[in-house]
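Accompanying notes for the structure given below.
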Amino acid sequence: IILLLMVSVLAGCATHAEIKMPVTIKVHDAAYENKTLNYEILYSQPKPGVFSGGEQLPLAPLEKAELSIASASTLKELPKLIFEQLPVSVKYLANNPDLTLKLEITAHDKLGPAYADYEFAKSFGKNLLTLGFASAEYNIVADFDAKYILEQKGEVIFTKDFRVRDEVDHEKGDFDSFNSLNEFTSQILEKHLILTLHEFFKAAAMHVKA
């Protein structure tokens, strides 16, 4: 009976990752009043592919960067996420903006800046106890460096570096699609973009010229 109870508990509903999204208010500073801004995303990660040596690729514009399937899925909403963090009253302008934001994002894993890391040992042990009915164990990981550079009329006025490392436990149930992992990797990436860009724009405001 005890064994059956253990099996039923371990084979029950999977506990999904709980990623606590920060509650922030968009930066509102007179320095940004009626300013226009464009941004450029440069991205680097280890070379994707099972048989690659995993050497770190050079920074390249996101649209030209070599991505794995996992990183392409996680990064597809990145431009939109950045746009949503712009300070209040700042307007996007593609040509001749007042400000240019350059984002250099360096991932440390082939799977991208945020990814689902399968925990084989934990999953194997649970499956032995439940005759293969247990949920799969993952870590939802954010692991990347970010450097933000703000330019005004071609002159660099402020830069800030961030080292991001975060992970949250996640269980994937038998009825969860594999693509459901992308939801959680995207969430943890969004969390840290919100935090770092909010901090950056607050600090950069004093360097913006009228």
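The values are calculated or read from the model by the stated rules, or taken from the named source; none is laboratory data. If you're wondering where the values come from, they're calculated on a predicted model, not measured in any experiment. Please note: Cβ atoms are built from the backbone with ideal geometry, for glycine as well, and neighbour counts cover all protein chains shown. Side chains included, ligands, DNA and RNA excluded: accessible areas come from the protein's heavy atoms. Shrake-Rupley method; radii C 1.70, N 1.55, O 1.52, S 1.80 Å.
Going by average Cβ density within 10 Å per residue, which order do the peptides 31-37, 19-25 take, highest to lowest?
Going by the mean number of other Cβ atoms within 10 Å, highest first, we get 31-37, 19-25.
Applying a 10 Å radius around every beta-carbon, put 197-210, 88-101 in order of their mean neighbour count, most first. Let's see the in-between values first.
Details: 197-210: 16.6, 88-101: 14.6.
Taking the mean over residues of other Cβ atoms within 10 Å, the ranking is 197-210, 88-101.
What is the sum of charges around K110, taking Lys and Arg as +1, Asp and Glu as -1, for the other residues whose C-beta is under 11 Å from the C-beta of K110?
Local charge sum for K110: -2.
Using 7 Å Cα-to-Cβ label points, what is the A60/V88 separation (nm, one decimal)?
Between A60 and V88, the label points sit 4.1 nm apart.
What is the packing order of peptides 53-64, 140-151, taking the mean over residues of other C-beta atoms within 10 Å and listing the highest first?
Output ranking for 53-64, 140-151: 140-151, 53-64.
On average, how much accessible surface per residue is there in segment 69-121, in Å², for a 1.4 Å probe, leaving out ligands, DNA and RNA? All intermediate terms of the calculation are to be shown ahead of the outcome.
Working: 2600 Å² over 53 residues.
So segment 69-121 comes to 49 Å² accessible per residue, rounded to a whole number.
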